[in-house]
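The values are calculated or read from the model by the stated rules, or taken from the named source; none is laboratory data. Remember, predicted model here, so these are calculated numbers, not experimental data. Note that we place each Cβ from the backbone using ideal geometry, even for glycine, and neighbour counts take in every protein chain shown.
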Amino acid sequence: MTAFCASPGALRIVGLGPGLAAWITPEASSVLEGASDLVGYAPYLDRLPLRDGQTRHPSDNRVELERARHALRLAQEGRSVAIVSGGDPGVFAMAAAVFEAIDLGDPAWRDIDIAVCPGISAMQAAAARIGAPLGHDFCAISLSDNRKPWALVEKRLAAAAVGDFVIALYNPASKARPTQIHDAFALLRAHRVGAAPVIFARAVGREDERIHLATLDNADPGLADMSTLVIIGSSETRIIARESGAPFIYTPRGAGAFT
């Protein structure tokens, strides 16, 4: 199954990476070039050049299923469609929405030519900026409770903390959810040593990129917003101080490497 939108009636789910143009894969670039229709959250579409004959279908951030259904209908009509996500489309993004729409929708959608084109995830980009904090077992948790109860988020945070995973927090805060990140840090502080490194990586790959380093006991959760990816280290995560620049942070590949 080719990943390129070269024929009518095809849908490709494309990851644009976190923001840096160089992080868009060659496969994704080829798909975007060949698509007749680009579907996605408006700011993501704004990152892409528009070629002659191409139609954009921008939408709001919180209408993932509606966006997925629209893309599927366009493909069903014979269009060559690319639906875009920031980061990787399979990580808290549009791939799951498309397949959910297929699962619950028109049975004919199951036979559309569909493929996922992976991208660099926000947690990969954030980790690369500082070293290798995801070098051993880790998990990714979204703090958004738009589609799941906050009690479930707390349960998963506690399990990850007790299991001593490095934790990548997606969707840490928004104007509608300003307090959950503070609750999350309070929960993590009850289960994890205060010296654990914390990375606030905001707008990685964009002009307003900002990386802030702290430890769990002195980190200010208020630094996080919806453009921030937060990484909390495990008991194994280490900091390498440097005179020439920011420290490196990494998690050894072997558990108990320094015991």
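Here are the numbers:
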item	result
Any chance ARG69 is modelled with pLDDT of 95 or more, farther than 20 Å from ASN171 by Cα and not aromatic (Phe, Trp, Tyr)	yes
Scan of segment 70-101 for residues that are over 14 Å from ARG12 (Cα atoms) and aliphatic (A, V, I, L, M), ordered by number	VAL91, ALA101
Sole exception among (1) surrounded by fewer than 21 Cβ atoms within 10 Å (Cβ to Cβ); (2) more than 19 Å from GLY131 (Cβ to Cβ); (3) not polar (S, T, N, Q) for ILE211, by number	(2)
Residue that is outside the structural domain of ARG210 (by TED's automatic domain parsing), closer than 17 Å to SER227 by Cα and of a type outside the set (Asp, Glu), where the choices are GLY87, GLY105	GLY87
Criterion: closer than 21 Å to ALA122 by Cα, surrounded by fewer than 17 Cβ atoms within 10 Å (Cβ to Cβ) and touching a residue at least 40 places away in the same chain (Cβ under 8 Å) - qualifying residue of PHE165, PHE248	PHE248
Residue under evaluation ALA255, criteria (1) in contact with a Lys or Arg (Cβ under 9 Å, 6 or more places away or on another chain); (2) surrounded by fewer than 18 Cβ atoms within 10 Å (Cβ to Cβ); (3) closer than 19 Å to ALA160 by Cβ, criterion not met	(1)
Helices (runs of 4 or more DSSP H) lying entirely in segment 11-90 (those with 3 or more residues that are buried (at least 17 other Cβ atoms within 10 Å of the Cβ) and under 21 Å from the mean Cα position of the chain (by Cα))	26-34, 64-76
Residue that is farthest from PRO8 (Cα to Cα) [pool: residues in segment 102-134 that are of a type in the set (A, V, I, L, M) and free of Cβ contacts under 8 Å to residues at least 40 places away in the same chain]	ALA128
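Residues are listed down the side, and each one gets a yes or a no for (1) of a type in the set (Val, Ile, Thr); (2) under 27 Å from GLY19 (Cβ atoms); (3) modelled with pLDDT under 95; (4) within 22 Å of the chain's Cα centre (by Cα):
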residue: ARG177; (1), (2), (3), (4): no, yes, yes, yes
residue: ILE211; (1), (2), (3), (4): yes, yes, no, yes
residue: SER227; (1), (2), (3), (4): no, yes, yes, yes
residue: ILE232; (1), (2), (3), (4): yes, yes, no, yes
residue: PHE248; (1), (2), (3), (4): no, yes, no, no
